[in-house]
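The values are calculated or read from the model by the stated rules, or taken from the named source; none is laboratory data. Since the model is a prediction, treat every value here as computed from it, not as a measurement. As a convention, Cβ positions derive from the backbone with ideal geometry for all residues, glycine included, and neighbour counts pool all protein chains shown. With ligands, DNA and RNA removed, areas are computed over all heavy atoms of the protein, side chains included. Shrake-Rupley method; radii C 1.70, N 1.55, O 1.52, S 1.80 Å.
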Amino acid sequence: MTAAPFSASLNRTTPGESVTPTGPAVLMAGTVDELSSAVDRSLLALQNWVEQRDYAGHEPFDILSSPLLRGRWSRSWPLAIVFIQFGKRFAGLRLRRWLQVPPSKNPKAVGLFLSAYCDLARCGDDTRRAAAYLKSELKRLRSPNEPEYCWGYDWDFVSRGGRMPAWSPNCIATCFCAHALLDMAEVLGDAEARDMAQSAGRFLITRLNRSVDTPEFLCLSYTPCDHMKVYNASVHAGALLARLAPRDSEYAQIARRTMNYLVAGQQPNGAWYYGPALVHRWIDGFHTAYNLGALLTYQRSTGDTTFDDAIRLGYEYYLSNFFRPDGAPKYFHNSVYPIDIHSCSQAILTFCDFAERDRHARERAFNVARWTLEHMRGAVGTFFFQSHRFWTNRTAYMRWGQAWMLHALARLKRQNLCPNGWNSCEHS
């Protein structure tokens with residue numbers, strides 16, 4: 001399928017169908033040039049804030065890092081889940097300080113910051129020294145006792161799906177860190193960064209379990225210690241392997257099988273559940289966008305257009321179900337609240353990714369950015385965690401909010417400065 005009919009279909013409605021809520025007519029507050037300036041100012045303020053704190057901070061799930069909650073009793077199920085969910089939903093920085101939860105440096109956040117600096121380097125900024133420092137931090141923060149480079153989270157986590165002790169490796173953190181290292185290799189010519197990403201690829205294929213493994217389908221586990229079937233985790237691994245494929249043809253075959261598994265799980269309306277298990281039967285915006293981004297990365301890396309229809313259908317579902325008319329991204333397909341900063345940042349990144357396919361991608365990206373800067377940004381330049389119907393959680397989480405927004409704003413700046421970056425569709 002060519003880009004032109006794909007793009008045209010995104011902006012066409014049929015009787016009884018709602019108009020795409022993030023269309024260009026919604027871009028109300030200011031011109032694109034004014035919004036671009038606001039993005040640049042916000043980006044600089046946020047960059048200064050995170051650098052002053054050496055990229056360390058608190059996280060929604062870090063409550064068990066409190067020295068007051070270090071006993072085995074606090075890790076027991078379901079008490080640990082109660083603590084973690086309370087820490088996520090209600091405990092801001094004040095309670096974390098009272099519980100003596102220390103700020104820490106999250107490997108995935110470091111990877112997101114590194115990707116942001118690579119985008120800024122493409123814009124002409126001198127970020128080489130900062131990128132080198134973040135690479136050294138990824139070397140320091142790698143999961144211990146693993147032969148290959150891999151990463152996890154810097155806090156204990158317990159959920160219905162199992163346990164992840166602090167620093168134990170997982171697929172998602174490893175993929176984001178490795179993607180950042182590949183970005184660094186491509187932008188700054190850093191050979192060591194590429195070698196580290198190659199090592200992470202070996203971790204994915206040697207240490208993750210194969211929850212589904214047939215000649216056609218492959219689902220890789222979330223961690224080496226589980227057999228969970230989570231669509232976005234498995235396909236993230238496939239997307240990374242696709243980027244590494246020129247160095248290893250086996251990777252391309254593995255990547256295609258993970259894409260097959262993802263597309264087989266797509267619903268007729270274009271949606272994806274978080275996973276096929278009954279406990280994973282929810283549909284949210286940023287995991288839907290993860291899946292779309294992985295499919296795009298696979299296609300661009302391999303040239304394989306087999307999954308173009310799945311991308312089109314999934315993107316149309318994403319546009320139609322995850323945005324309010326004013327540009328605010330919804331968390332779930334069937335409810336507005338909470339409006340989460342991660343949904344905001346991922347929407348900006350997704351619209352940048354779809355610039356070649358959607359002639360309204362620029363307006364959509366800036367519409368989300370405008371709403372986010374107006375409603376989710378504090379006076380010091382940091383971004384709030386979540387907006388609820390009657391209240392706002394203003395906690396400035398480092399990974400969940402600041403790292404993702406720096407990544408998104410840097411990508412938006414890069415896309416806007418790139419020659420013809422928004423004008424690659426035939427219908428633009």
Worksheet entry | For the chain: span of alpha carbons on each principal axis (Å, largest first) | 60, 53, 45
Discussion item. On the principal axes of its Cα set, how long, how wide and how thick is the stretch 74-140? Give whole Å, largest value first.
Written reply: 48, 23, 18
Item to complete: Apply the Kirkwood formula to the stretch 188-269: the hydrodynamic radius equals the inverse of the mean of 1/r over all pairs of different alpha-carbon atoms; give it in Å with one decimal.
Response: 13.0 Å
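On alpha carbon coordinates alone, what is the Rg over Rh value for the stretch 109-151, Rh being the Kirkwood radius?
Working: Rg = 11.9 Å, Rh = 11.1 Å.
Expressed as Rg/Rh, it is 1.08.
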Discussion item. Suppose we keep just the alpha-carbon trace of the stretch 258-390; what are its Rg and Dmax in angstrom?
Written reply: 15.1, 47
Practice prompt. Taking the Cα atoms of the stretch 355-410, report the difference between the largest and smallest coordinate on each principal axis, in whole Å and largest first.
Written response: 35, 24, 17
Item to complete: Using a Gaussian network model of the chain whose springs link C-alpha atoms within less than 10 Å, name the residue from 31, 350, 258 with the highest mean-square fluctuation.
Response: 31
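At 1.4 Å probe size, with the rest of the protein present, what percent of the exposed accessible area of the stretch 130-249 is carbon and sulfur atoms?
Working: 2220 of 4440 Å².
That share works out to 50 percent.
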Fill in: Relative contact order computed over the chain (Cα-Cα under 8 Å; 6+ residues apart), in percent
20 percent
Response to the item:
Checking 277, 130, 197 against a Gaussian network model of the chain (alpha-carbon springs below 10 Å), the top fluctuating residue turns out to be 277
Worksheet item: Considering the Cα trace of the stretch 157-304, what is its radius of gyration and what is Dmax, both in angstroms?
Response: 14.8, 45
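Trypsin sites (Lys or Arg not before Pro) within the stretch 359-391: which are DSSP loop residues with at most 15 other Cβ atoms inside 10 Å? Each step should come with its number before you reach the end.
Values: sites: 359, 362, 364, 370, 377, 389; in loops: 359, 389.
Listed in order of number, the matching sites are 389.
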Discussion item. Student exercise: in the stretch 30-164, how many lysine pairs 8 or more apart or on different chains have Cα atoms under 14 Å apart?
Written reply: 4
Worksheet item: Got a sec? Which residues in the stretch 348-388 would a label at residue 308 touch, if it sits 7 Å along Cα→Cβ and we count backbone N under 15 Å?
Response: 356-358
Worksheet item: Simple spin-label model, 7 Å along Cα-to-Cβ: residue 195 to residue 280 in nm?
Response: 3.5 nm
